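Following: one structure in structure tokens, then a few remarks.
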Amino acid sequence: MTQDPGTETRSCDVLVIGAGPAGSTVSSMLARKGHHVVVLEKEHHPRFHIGESLLPANLPLLERLGVADEVRAIGQHKPGAEFVSPHHDYTQTFEFADAWDKTMPFAYQVRRADFDEILVRNAQRDGADVHEGCQARSVEFLPDRTVRVHARHDDGREVVWNAKFLADASGRDTFLASRFKIKKRNPNHNSAAVYGHFANARRNVGEAEGNITIFWFDHGWFWFIPLTGGATSVGMVTWPYHMKTRQGRSVQQFLLDNIATCAGLADRLKDASLVSPVEATGNFSYAAERNHGDNYLMLGDAYTFIDPVFSSGVWLAMIGGELGADTIDTCLRNPAQARAALKRFDRQSRHGPKAFSWFIYRVTNPIMRDFFMGPRNIFRVKEALLSTLAGDVYGGAPIGRSMFVFKTMYVIANVLQPRRAFNAWRNRRRNIRPTEEVAQAHPT
């Protein structure tokens with residue numbers, strides 16, 4: 001690529017694109033290891049973002065980053081998760097304290113604007129050089145195994161960064177995957193989200209006030225996330241065919257109309273009012289064909305995203321940042337061990353999404369819904385399920401055998417209810433079709 005003679009050229013050890021949870025985590029940890037780390041963030045913190053519900057597994061990592069007290073100060077205490085089904089006359093609450101590992105009994109709900117700013121300022125304190133309002137625009141991988149990124153600041157200044165290693169933490173922008181043309185729609189899942197913040201929503205009382213609530217409805221599910229300061233985040237995750245029924249309605253009206261069809265949620269929001277713009281995100285589920293190369297990694301949503309039903313996004317991004325920091329450090333300090341480190345990173349990066357996706361692909365299945373609404377702890381399967389919901393999927397608790405039993409029970413339940421299982425399979429196949437296919441099958 002031809003470079004303007006007036007363009008400034010600078011260098012660093014590691015260039016990080018994006019200052020969300022993944023980017024800030026990898027930056028903090030690499031800077032602590034003595035590397036010169038530069039972070040390019042196209043926006044300015046604080047900035048709005050969804051994904052406000054953390055998992056208990058986040059908390060030890062927040063301690064390792066040194067931000068636990070700051071997050072505690074802005075977080076809504078979250079001891080568990082509540083599930084509400086239109087086909088059951090009761091609700092089901094899972095308490096994290098009942099998980100296999102009893103040392104992680106709660107998490108937090110956070111405003112992402114505040115949470116992300118805590119993380120990025122911590123990265124700066126640790127020595128990372130953060131440039132906000134600076135967008136990475138192109139990338140070159142050079143013969144000498146370095147990386148060159150062209151970036152532009154809000155004021156029009158252009159800078160070329162030469163780095164030994166690149167960490168793509170660009171989130172749903174998928175900086176590298178889009179340029180490599182390796183970003184693919186997830187063939188096993190396809191959904192969209194519509195969301196906003198409400199004031200005066202009716203919450204649970206007492207200790208359960210901060211619980212996230214999941215409401216199933218005919219076309220997907222809703223989240224209900226209590227935040228500090230009285231606001232509650234409410235979002236609908238639904239299938240492409242249902243998004244097409246919006247037609248001429250605004251996304252705000254579409255969200256409100258759908259809330260009205262979900263009796264439990266409508267009751268919680270009957271005295272509530274919107275206090276933020278309603279936004280929509282399509283093509284919610286995707287994955288890149290690979291997550292690394294010799295001198296780059298893709299972290300968090302820059303690599304893959306499935307569905308937010310189990311609040312796994314921030315956790316997977318941050319643990320990916322921690323794993324990424326160890327990998328990059330090895331590649332730079334011990335090149336002879338780089339291949340093994342990258343292979344280990346690949347395996348770990350795929351494991352987390354895979355552990356959650358088994359449930360995500362089935363969470364709207366009526367048989368799985370029955371399992372969630374009537375959990376049993378035979379062979380400690382409930383404890384193992386809670387450990388998964390808590391994010392303890394990297395070997396912290398010995399849940400493998402119990403999860404195998406749970407999955408076996410689920411398979412047996414499908415065999416014993418063949419018509420119900422077949423209808424669920426057929427509906428899911430129809431639901432996950434891309435919008436274009438749905439449009440042809442169901443013209444508006």
(message) Which of the helices (runs of 4 or more DSSP H) found entirely inside the range 171-288 contain at least 3 residues meeting this: in the same structural domain as Ser24 (by TED's automatic domain parsing)?
(response) 175-180
(request) Pick out the one residue from Ala192, Ala167, Ala177 that is farther than 30 Å from Arg433 by Cα and under 18 Å from the mean Cα position of the chain (by Cα). (result) Ala167
(message) Please go through (1) at positive phi; (2) surrounded by fewer than 17 Cβ atoms within 10 Å (Cβ to Cβ) for Gly171 and return the number of the only condition it doesn't satisfy.
(response) (2)
(message) in contact with a helix residue (DSSP H, G or I) (Cβ under 9 Å, 6 or more places away or on another chain) and over 21 Å from Met29 (Cβ atoms): is that true of Ala338 in this structure?
(response) no
(request) Examine the range 299-306 for a residue that is among the polar types (S, T, N, Q), in a loop (DSSP other than H, G, I, E, B) and either surrounded by fewer than 21 Cβ atoms within 10 Å (Cβ to Cβ) or touching a residue at least 24 places away in the same chain (Cβ under 8 Å) (or both), and state whether such a residue exists. (result) no
(message) I want to confirm something. Restricting to the range 149-162 and keeping residues that are free of Cβ contacts under 8 Å to residues at least 24 places away in the same chain and closer than 14 Å to Val39 by Cα, which single residue is surrounded by the most Cβ atoms within 10 Å (Cβ to Cβ)?
(response) Arg152
(message) Checking Pro366 against (1) in the same structural domain as Phe406 (by TED's automatic domain parsing); (2) under 20 Å from Val147 (Cβ atoms): exactly one of these is not met. Which one?
(response) (2)
(request) Of the conditions (1) closer than 26 Å to Glu383 by Cα; (2) at pLDDT 95 or above, Gly51 clears all except one; give me its number. (result) (2)
(message) I'd like the residue in the range 81-127 that is out of contact with any Leu (no Cβ under 9 Å at 6 or more places or on another chain) and part of a strand (DSSP E or B) and, out of all such residues, is surrounded by the most Cβ atoms within 10 Å (Cβ to Cβ).
(response) Phe83
(message) Return the residues of the range 309-339 that are surrounded by 23 or more Cβ atoms within 10 Å (Cβ to Cβ) and in a loop (DSSP other than H, G, I, E, B); say none if nothing qualifies.
(response) Phe310, Ser311, Ser312
(request) Working only within the range 131-148, note down all residues that are touching a helix residue (DSSP H, G or I) at 6+ places or on another chain (Cβ under 7 Å) and surrounded by fewer than 23 Cβ atoms within 10 Å (Cβ to Cβ). (result) Val139
(request) Report, ordered by the first and then the second residue, all pairs with beta carbons closer than 7 Å, sequence separation of six or more or different chains, a first member in the range 387-414 that is assigned to a loop (DSSP other than H, G, I, E, B), and a second member that is of a type in the set (Lys, Arg). (result) none
(message) Go through (1) in a loop (DSSP other than H, G, I, E, B); (2) crowded, with 18+ Cβ neighbours inside 10 Å; (3) free of Cβ contacts under 8 Å to residues at least 60 places away in the same chain for Leu55 and report which single condition fails.
(response) (3)
(request) Find the residue count for the range 128-147, including only residues that are in a strand (DSSP E or B), in contact (Cβ under 8 Å) with a residue 40 or more places away in the chain and not aromatic (Phe, Trp, Tyr). (result) 11
(request) May I ask you to verify whether Asn200 is in contact (Cβ under 8 Å) with a residue 24 or more places away in the chain and under 19 Å from the mean Cα position of the chain (by Cα)? (result) no
(message) Tell me the residue from His77, His36 that is touching a helix residue (DSSP H, G or I) at 6+ places or on another chain (Cβ under 8 Å), in contact (Cβ under 8 Å) with a residue 12 or more places away in the chain and surrounded by fewer than 18 Cβ atoms within 10 Å (Cβ to Cβ), please.
(response) His77
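The values are calculated or read from the model by the stated rules, or taken from the named source; none is laboratory data. Note that the structure is a prediction, hence the values are computed from the model and not measured. Don't worry about glycine lacking a Cβ; one is built from the backbone with ideal geometry, like all the others, and counts go over all protein chains shown.
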